[in-house]
Amino acid sequence: MINVVLYQPEKPQNTGNIMRTCVATNAYLHIIGPLTFSLDEKSLLRAGMDYIQELKFKYYNSLEDFFNQNQNITIYFITRYGNKSYDSIDFSTINSNLFVMFGKESTGIPHDLLRQNFSRCLRLPMVPSARSLNLSNTVAIVVYEILRQQHFFGLSTYDAIKGKDFLNEENKNE
């Protein structure tokens, strides 16, 4: 299972989008506070998360709290300061201990933490003048690269609601 870790996210809309991505990809979400918004169901519904009950997530009061509760994990840090592309890692063989951390929108992941783990700092390639991409877009890109490498294990490759043959000629009047 992929474990998405958000370090102090600041925008509820991004967090809502990331929650939706986690539900759709069966990823577990870890949110490290403090936060500038509420995680109550009403707030999340406003952020576009209409199936919060399906989300697997845990909230931590601090970075120290997160690391105390998650020991012996493989964690990658997505940061503009990384020198390796996110697709340079072979995620196909990493199991449930795979964690990927994304920083807060304004300042990212604490620089001391990045320095201590520089060999696992990854970046999304982009033009030199661009600082970053939107947080929820970045999470989706990285999660789907991991899933692609794992052959989308456990995910449906067709519309399970309407059915695999929905677009066939027989159904053209729908």
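Numerical summary
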item: Nearest 10 degrees, 0 to 90: helix 135-149 Cα axis against the chain principal axis; result: 70
item: Approximate spin-label separation TYR81-HIS151, in nm, with each point projected 7 Å along Cα-to-Cβ; result: 3.9
item: Cα point-scatterer Debye curve for region 78-159, base-10 log of I(q)/I(0) at q = 0.18, 0.20 Å⁻¹; result: -0.82, -0.98
item: Footprinting exposure proxy for GLU64, GLU105 (fewest neighbouring C-beta atoms within 10 Å first); result: GLU64, GLU105
item: Listed peptides 15-27, 90-102 by packing density, highest first (mean Cβ within 10 Å); result: 15-27, 90-102
item: Size of region 2-171 as Cα extents on the principal axes (Å, biggest first); result: 60, 38, 36
item: Highest-first arrangement of 110-123, 150-163, where packing means the average Cβ count within 10 Å; result: 110-123, 150-163
item: Point-charge dipole on Cβ atoms (K/R +1, D/E -1) for region 2-171, about Cα centre, debye to 20; result: 520
item: Between helix 12-25 and the chain: long-axis angle, C-alpha atoms, 0 to 90°, nearest 10; result: 60
item: Label-point gap, in nm, between ASP65 and SER88 - each point 7 angstrom along Cα→Cβ; result: 3.5
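Read the figures in this text as sums done on the coordinates, not as results from a lab. A quick note: this is a predicted structure, and the numbers were derived from the prediction, not measured. Every residue, glycine as well, gets a Cβ built from its backbone with ideal geometry; the counts of neighbours run over all protein chains shown.
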